[in-house]
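> Let me give you the structure first, and then I'll get to my questions.
The values are calculated or read from the model by the stated rules, or taken from the named source; none is laboratory data. Predicted model only: the values in this text are computed from it and were never measured. Heads up, the Cβs are rebuilt from the backbone with ideal geometry, glycines too, and the neighbour counts pull from every protein chain shown.
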Amino acid sequence: MSIDQLLNTTGRDLSVYFNAELVLSATVVLLLLFRLFSIDRFVPGSFVALVGALVAGGFSVQQVINIEDGTSVVFFAGMLKHDLFTVYFRIFLCLFLILTIALTVLTGIPDSEDSPDFYTLLLGSTIGMMMMASANHLLMLFLGVEMASVPSYVMVGFLKGRKESSEAALKYVVYGAGAAGVMLYGISLIMGVLGTGDMAILGSQLSALGGGLGSPGVMTVALGALLVLAGLAFKLSLVPFHFWAPDAFEGAPAEVAGFLSVASKAGAFALLVRFLLSLTGAETAELMTWFGLGLGLIGILTATYGNLTAYGQTNVKRLFAYSTIAHAGYMVMAVSAFVVLQNSDTATADDVSNSLSSLLFYLAAYLFMNLGAFAVVAMVRNHTFREDLTSLKGVGTQGNWVGICMAICVASLIGIPGTGGFFGKLVVFASVYKAAEVSSFMYVVLAFAGANTVFSLFYYVKILKAMYLEEREPGIQPVQVPTAERLYLALLGVMVIITGILPNQLAVIAKDAGQSILAGIGG
Amino acid sequence: MATLNAYLLVGAVLFVCGVICMATKRNGIGVLMGVELVLNGANVNFVAFSKFTSLGLDGQVFSLFIIVLAAAEAAVALAIALNFYNNHLTIDVDRGNKLKG
């Protein structure tokens, strides 16, 4: 490829496929320049960030209209991939970014002095997650993970003067950097043996090695893939790499905890799917089925551990951290079902794309319910200056919308019919059931998934009981939120219910996105 | 002339030393040094693979990216370590024990 060609294609790629990320990057530069020239005194950082996120979201929606069904384009010399799956996550992340910025404006967590820093980190982290969703090369896999992680280390420790905050940030950065190093070593093994980092041909290279599971080359690649999966499992807070999550969430501001629990999970799941698909080739079905079943086992452990440990918690953020771990467990069960189905001879293409779209649907429903829960925690904190279950006591009976929004979100997290969480669980369980026809181990996964829904009832009901059945303790400030915050909570609550009552529209979009990534593989 | 295996051995030793260092050091800075060892273990692998296998220039480009990222990560990690020191007056990671349960 000549220099001229490279310049021409790069210009086109930047403006057509990469424009959302480009707008966010420009917003970051603008935020920093505004501070340099003291413009941030007149134009608040949150406003600049919000406009940037809205424009990026607009471009992403436009990409849906422009994209042809089932096509995928590789750009930046094979580094990134543009298909409906990428665009789905771009829109998801932009929407979540807009909602998070709105929440930080309402709860005022970065003061006006710090707000350019905070939004720079927030936008930078989101760009990293978008790159995770579109990665087509192992280099981009690593860069995306790092770009999403490094700003989030800082955001966790954003409240500089608090002991808990600094402790949480240190634990997160130490474990996170370690996990990234391990993942990198795994990438070096894969790239060394297969001679390429291009995720489009990893699978065929692996098949060409031959020799079955026992040959040294395949074993080395399997070891490398395990190390990469360990790094991704850390980002997803899967057992046994979950230990950072409760500490980081408890020490971080509730807004940041909400961001980490949804956005960074979404990016990491997109990357997990892309990575597992990249290793799929003609001769790798046996190896990949083992990975799929292993993920199922991890899903069981993660969901069970998260749900059982959450019961004993008194800090609400810590409780929701364990709830986040449990939900990551359900979602990894969907990934496990997807991998098992994809590598079997008997499953139809429809089953495979259904299992992938169940993951995408669950993520979308999870966005609203989890953000709603963390928004309530942040608003209650602003009134009571505490984040334990005591601060929630009697909130529901005070006649404001905080209790109602929390109740809707908790109902959805449990999976009560009529909420988005119910359909999310339904489609995930259905795809696990489909996978059980291929491998009977998936019946065990399904049984544990069902049992976990019951386990989770106990601690979610504890929250509802505190809000509606218990008296407010004397000396704790009442929670009276202003109209803007009420509208925000109402929006999230309504979205949770809409995804539950009218799931078809979202399911169709999720299915299209799922099919687009499979079209290139021929699975 | 050293063989590929010799380089890979150096990389593996660096990796294991780094992991042991991360797991056993109680000093926050020591843990971060362990992380650097792990990253550089991978770096040695990449450069060796790019010389001896069909990986070619990809490996060297990858290692350049790693060097830049390691610097960025070290900057962030040291800032967080300094903030931890300001709040706790020590860098002993065992003293961070307020968050548990």
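> Kindly indicate which of A:184, A:189 is within 12 Å of chain B (Cβ to nearest Cβ), part of a helix (DSSP H, G or I) and under 24 Å from the mean Cα position of the chain (by Cα).
So the residue among A:184, A:189 that is within 12 Å of chain B (Cβ to nearest Cβ), part of a helix (DSSP H, G or I) and under 24 Å from the mean Cα position of the chain (by Cα) is A:184.
> Ok, one more. If residue A:171 satisfies all but one of (1) at pLDDT 95 or above; (2) within 7 Å of chain B (Cβ to nearest Cβ); (3) within 19 Å of residue A:256 (Cβ to Cβ), what's the number of the condition it fails?
(1)
> Considering each residue of region B:66-97, count those that are in a helix (DSSP H, G or I), within 7 Å of chain A (Cβ to nearest Cβ), without any contact (Cβ under 8 Å) to a residue 40 or more places away in the chain and surrounded by 15 or more Cβ atoms within 10 Å (Cβ to Cβ), and give that number.
Within region B:66-97, residues that are in a helix (DSSP H, G or I), within 7 Å of chain A (Cβ to nearest Cβ), without any contact (Cβ under 8 Å) to a residue 40 or more places away in the chain and surrounded by 15 or more Cβ atoms within 10 Å (Cβ to Cβ) number 8.
> State which residue is farthest from the other protein chains (Cβ to nearest Cβ) when the search covers only region B:1-31 and only residues that are in contact with a helix residue (DSSP H, G or I) (Cβ under 6 Å, 6 or more places away or on another chain) and assigned to a loop (DSSP other than H, G, I, E, B).
B:26
> Of the residues in region B:48-65, how many are buried (at least 19 other Cβ atoms within 10 Å of the Cβ) and of a type in the set (A, V, I, L, M, F, W, C)?
Within region B:48-65, residues that are buried (at least 19 other Cβ atoms within 10 Å of the Cβ) and of a type in the set (A, V, I, L, M, F, W, C) number 4.
> Another question, if that's okay. Among the residues that make up region A:336-352, is at least one of them in a helix (DSSP H, G or I), surrounded by fewer than 24 Cβ atoms within 10 Å (Cβ to Cβ) and of a type in the set (D, E, K, R)?
The answer is yes, given that some residue of region A:336-352 is in a helix (DSSP H, G or I), surrounded by fewer than 24 Cβ atoms within 10 Å (Cβ to Cβ) and of a type in the set (D, E, K, R).
> Please specify each residue of region A:193-215 satisfying the condition of being at the interface with another protein chain (Cβ under 9 Å from one of its Cβ atoms) and surrounded by 24 or more Cβ atoms within 10 Å (Cβ to Cβ).
Matches in region A:193-215: A:194, A:197.
> Residue A:313 fails exactly one of the following numbered conditions: (1) in a loop (DSSP other than H, G, I, E, B); (2) touching a His at 6+ places or on another chain (Cβ under 8 Å). What is the number of that condition?
(2)
> Mind listing whichever residues of region A:398-450 are free of Cβ contacts under 8 Å to residues at least 24 places away in the same chain and polar (S, T, N, Q)?
A:440
> Criterion first (on the phi < 0 side of the Ramachandran plot, within 14 Å of the chain's Cα centre (by Cα) and either within 10 Å of chain A (Cβ to nearest Cβ) or in a helix (DSSP H, G or I) (or both)) does residue B:34 satisfy it?
Criteria met by residue B:34.
> Look at region A:230-263 and say how many of its residues are part of a helix (DSSP H, G or I), closer than 21 Å to residue A:315 by Cβ and not charged (D, E, K, R).
Total satisfying the criteria: 14.
> Answer yes or no as to whether residue A:218 is surrounded by 19 or more Cβ atoms within 10 Å (Cβ to Cβ), more than 12 Å from chain B (Cβ to nearest Cβ), farther than 24 Å from residue A:331 by Cβ and modelled with pLDDT under 95.
yes
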